[in-house]
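Q: Sending over a structure as structure tokens; questions will come in a sec.
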Amino acid sequence: MLFRVVINNEVEVRRSWDWDRVSRVKDRLKELGFRWNGEYWSGKVYSLSLIRELKELLDLTGDEVNRITRSIIINSAGGAIGVESLEGLELIPSDCILSEEGGLYVISLSCLIREFVKGDRKYIGSASSFEEYIDKAVEIIRNQFINKPVVGDLELAIRRARDFALSNDKLRAVFTRRVEWWTARLGLDTVELHFLSKEFYEGLRNLTVPYYVVDKEGNLNKHDLRLIRKDDVVKGEDRVVVRFPVFIRDTIKELLVKGGYRVVELPWAPRTIQVPKDEIRLLPFQERAVGKWLEAGKRGTVVVPTGGGKTFIALKALALVKVPTIILVITEELMNQWHERLMKYLGINAGRLGGGFDDVREVTVAIYNSAVNRIASISDKFDLAIFDEAHHVPADTFKEVAFKLRAPYRLALSATPKRNDNNEHLIFLSSGDIVYQADYRDMVEARLVVPIRHFRIYVDLTLEERRNYERAGDNAIVLRNIASTASTKLSVVVPIVKSEVNIGSKVIVFTQFIKQAEELYKVLRDELGSIVALITSKTGDRDSIFRAFARGVYKVIVTTTVLDEGIDVPDADVAIIMSGTGSQRQMIQRVGRVVRATNGKVEARVYEIVTRNTIEEALSEERHVKGEVLEVECRRYLAGELQRLINHIMSTTSLFKS
């Protein structure tokens, strides 16, 4: 008997079978959704697997299979299309190429969406919903075929495949699981992951910054300083936690997003403290500094010449933000100065760490080295870190504090962030770029500082010293040491000190070496008596010497590099540089000790004693301060012209207004 089946309203299959065969076939067609209309059986076929079953059931010929396949593709009702070549489509998974019939490759777009959901790593982290993610898959698939010759209706097939994917609960569950797997929970200085991807791990390993170290020969050697170390990656049974310096949080987020992670930022809010009072009154340029720091997100470096009130800028910042704060300083004297000013102007009885103190409070002043020793226990106690004399932060021990403190708010204070070892970038990395740089003329006009008169006096080596100098070859450190300690310097410094003391000046003499300082102190003590004090690294109670100097008990302080940083002597008038390095930073700090304005003071004087025809001439040029101070006079004299210089000073001095 004749048996007829019409598939997809297009392909008619005619067979002459006996009744038993017809009976078996029609029962299966019913199960497959086919219907009898009185003349023939008809039904829709969208699946190539069903075509394969019908091929066996109906003894379909190759031509019939090809025609049915093309009918599926042409109406694209099953989310499939056909292409005659796979050129340019090599990345399509083989499982999604359903068959190849008569030179036509049948590709399931539903399969492509499913494989995207199961395997994508690029977009899973940025999808806000399953629907958005499926639309991204559709966009990518469309772009794969948009310029390819396609058999079938591409847009219809895409719509069918999309509808199928959105209605597929199992696929939705896969998406949900993968979103959670790729979720990174980003905190202030940690990120929690389900797994550590290779790309993210490599990104962490590549987070390095240059770090320069000066060796014994004075050479500058570059090293790569890793921001993430091995012990910063902690792997648990089902979690990985990565610790990082708080100031690279944005960089970590970028690496996570680049690596395909979905970043969930954990909420953070600063803790608040009580500031009992605010008696800080800033000058206009100081207000601008605080404003710029606030605008920069409470991060940044403020550069103000010595005497410009950096401390008051920082105190005002603390008074405004009212958060737990650590103030890092380089000396015990500075720690005590900050402690006194916090109480005087803000009413805060701050804790102290270092110099015999171990008292950590909501506001704490800490010496850098002491903070390093306690960093594990104090790292999470503060939300604001103030780095005083911030050019010290890049030093090996100091950077440990800057890198490990969790405080997101950072304020670096410096007169001279530029360093001879080229490590100033670590200040800006850990604390923020320069947000404000004060102009020295603003400070002069505000009567915070005075202009300076600068005099260089050139001396000669003795014959024996010259022979030693020439035998030193090209060893820069040895050459500097011989030139710096020239014995003829003593006969120049003593008359200058005596003449300045005679007109009422207070004098600080800076040397590079303890022995040189001690020799000068002995001579001056013999000449001037008890008005001369000596401060070196051996000196214990410096504070009492400073107080006596401020009262006028001492008129002269002879010192070494120990007073290069952090000494507040507002009524010193004269700086004599008997020896030093080529560092501009050191020179600025030394000059800064005498430029602070006091009642009636209109100028400060700086004398440099330089050994002629030696490396010291070059060092003097290197350290010459330009811009950071206001030089109203700069002159050079030979040692034989010393009396002429003294006469010039005596006749022109305007140290005190008459």
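Bear in mind that the values in this text are calculations on the coordinates, not laboratory data. A quick note: this is a predicted structure, and the numbers were derived from the prediction, not measured. Cβ: placed from backbone, ideal geometry, glycine included. Neighbour counts: every protein chain shown.
Q: Could you give the length gained on full extension between Lys344 and Leu188, defined as 0.36 nm per residue of separation minus the Cα-Cα distance, in nm?
A: Full extension of this stretch gives 52.8 nm more.
Q: Quickly estimate the mean residue ellipticity at 222 nm for the chain, helices only: each DSSP H run with n ≥ 4 gives -39500 (n - 2.57), and the total goes over all residues, rounded to 500. Don't skip to the end; give the middle numbers.
A: Working: 25 runs with 261 residues, N = 658.
For the chain, the value works out to -12000 deg cm²/dmol.
Q: What are the extents of the Cα atoms of the chain along their three principal axes, listed from largest to smallest and rounded to whole Å?
A: Principal axes ranked by extent give 139, 60, 43 Å for the Cα atoms.
Q: When the Cα atoms of segment 148-250 are enclosed in a convex hull and the volume is divided per residue, what value in Å³ results?
A: 191
Q: List, in order, the whole-Hz ³J(HN,Hα) value for each residue of segment 84-91 obtained from phi through the Karplus relation with A = 6.51, B = -1.76, C = 1.60 and θ = phi - 60°; use x for Gly and Pro.
A: For segment 84-91, the Karplus curve yields 8, 8, 9, 4, x, 10, 5, 7 Hz.
Q: Just the isolated ones, please: cysteines in the chain lacking another cysteine beta carbon under 4.7 angstrom.
A: If one checks each Cβ against the other cysteines of the chain, Cys634 turn up with nothing under 4.7 Å.
Q: Could I ask something else about it? How much FRET efficiency would the formula 1/(1 + (r/R0)^6) give for Leu207 and Arg52, where r is the Cβ-Cβ distance and R0 is 45 Å, rounded to 0.05? Present the calculation step by step, with values, prior to reporting the outcome.
A: Details: r = 55 Å, r/R0 = 1.21.
Between Leu207 and Arg52 the formula returns 0.25.
Q: Could you tell me the center-to-center distance, by alpha carbons, between segment 477-514 and segment 596-658 in angstrom?
A: 13
Q: Starting from the 7 Å offset along Cα-to-Cβ, what nm value, one decimal, do you get for the label separation of Tyr123 and Asp18?
A: 5.8
Q: Same structure, new question: Contour minus end-to-end for Lys216 and Asn475, with contour as 0.36 nm per residue of separation and end-to-end as the Cα-Cα distance?
A: Extra length from Lys216 to Asn475 when fully extended: 92.1 nm.
Q: Moving to a separate point now. Per 0.36 nm of contour for each residue apart, how much would the distance between Asn147 and Glu237 grow if the chain were fully extended, relative to their Cα-Cα spacing?
A: Contour length minus Cα-Cα distance gives 27.6 nm.
Q: Still on this model: Percent of alpha carbon pairs in segment 276-325 separated by more than 12 Å?
A: 61
Q: Please turn the phi angles of segment 517-523 into ³J(HN,Hα) values with the Karplus equation 6.51 cos²θ - 1.76 cosθ + 1.60 (θ = phi - 60°), one per residue in order, whole Hz, x for glycine and proline.
A: Residue by residue, segment 517-523 yields 5, 5, 5, 5, 4, 4, 5 Hz.
Q: May I pose another question? What whole-number distance in Å separates the alpha-carbon centres of segment 206-269 and segment 294-339?
A: 27
Q: Using the Cα gyration tensor of segment 343-392, with a ≥ b ≥ c the square roots of its eigenvalues, what is the shape: rounded (a/c below 1.5), prolate (a/b larger than b/c) or oblate (neither)?
A: rounded
Q: Between Ser530 and Val602, take the C-beta separation as r, use R0 = 35 Å, and let me know the FRET efficiency to the nearest 0.05.
A: Calculated transfer efficiency: 0.75.
Q: Sticking with this structure for a sec: Can you work out the Karplus-derived ³J(HN,Hα) for every residue in segment 124-130? Use 6.51 cos²θ - 1.76 cosθ + 1.60 with θ = phi - 60°, whole Hz, and x for glycine or proline.
A: Values, residue by residue: 4, x, 9, 6, 8, 7, 4 Hz.
Q: Report the normalised scattering of segment 459-548 as log10 I(q)/I(0) at q = 0.23 Å⁻¹, calculated by the Debye formula with identical scatterers on the alpha carbons.
A: -1.19
Q: Sticking with this one: Considering the dipole of the chain built from charges on the beta carbon (Lys and Arg +1, Asp and Glu -1) around the Cα centre, which of Ile68, Thr272, Phe164 is farthest to its positive end?
A: Among Ile68, Thr272, Phe164, the one farthest towards the positive end of the dipole of the chain is Thr272.
Q: How high is the FRET efficiency from Arg466 to Cys634, r the C-beta distance, R0 35 Å, rounded to 0.05?
A: So the FRET efficiency works out to roughly 0.80.
Q: Also: If I fit a long axis through the Cα atoms of helix 19-31 and take the longest principal axis of the Cα atoms of the chain, what angle between them do I get, 0 to 90°, rounded to 10?
A: Rounded to the nearest ten degrees, it is 30.
Q: How would you rank 380-388, 497-505, 183-191, highest first, on the average number of other Cβ atoms within 10 Å across their residues?
A: Values: 380-388: 23.8, 497-505: 17.6, 183-191: 19.6.
Listed from highest to lowest mean packing, they are 380-388, 183-191, 497-505.
Q: Separate question: How big is the charge dipole of segment 120-230 about its Cα centre, in debye rounded to the nearest 20, if each Lys and Arg gets +1 on its Cβ and each Asp and Glu gets -1 on its Cβ?
A: That gives segment 120-230 a dipole magnitude of about 300 debye.
Q: In the structure shown, do any of Lys489/Lys522; Lys310/Lys601; Lys216/Lys515 have a Cα-Cα gap over 19 Å, and if so which? Spell out each step's value before the answer.
A: Numbers: Lys489/Lys522 15 Å; Lys310/Lys601 21 Å; Lys216/Lys515 21 Å.
Pairs exceeding 19 Å: Lys310/Lys601; Lys216/Lys515.
Q: So who's got an amide H within less than 5 Å of the one on Val363, skipping anything under 5 residues away but keeping other chains? H placed 1.01 Å off N, in plane.
A: HN-HN under 5 Å from Val363: Thr325, Gly351.
Q: Quick one: which of 297-304, 124-131 comes out on top by average Cβ neighbours within 10 Å, and what's the full order, highest first?
A: Going by the mean number of other Cβ atoms within 10 Å, highest first, we get 297-304, 124-131.
Q: Now, a different point. Taking amide hydrogens as modeled 1.01 Å from N in the peptide plane, which residues meet the under 5 Å criterion relative to Val214, leaving out close sequence neighbours?
A: Residues meeting the amide H criterion: Asn221.
Q: Going by amide H atoms built from the backbone, whose H comes under 5 Å of the H on Thr301, apart from near neighbours?
A: Ala412, Asp433, Ile434, Val435, Tyr436
Q: Note down the nm distance, to one decimal, between modelled labels 7 Å out along Cα→Cβ at Ile375 and at Asp439.
A: In this crude label model, Ile375 to Asp439 measures out at 4.0 nm.
Q: With +1 assigned to the C-beta of every Lys and Arg and -1 to the C-beta of every Asp and Glu, and no other charges, what is the dipole magnitude of the chain about the Cα centre in debye, to the nearest 20?
A: My answer is approximately 1260 debye.
Q: Over the chain, calculate the relative contact order: mean separation of alpha carbon pairs under 8 Å at least 6 apart, over the residue count, as a percent. Don't skip to the answer; put the middle values down first.
A: Working: 1183 pairs, mean separation 65.0, N = 658.
Contact order relative to length: 10 percent.
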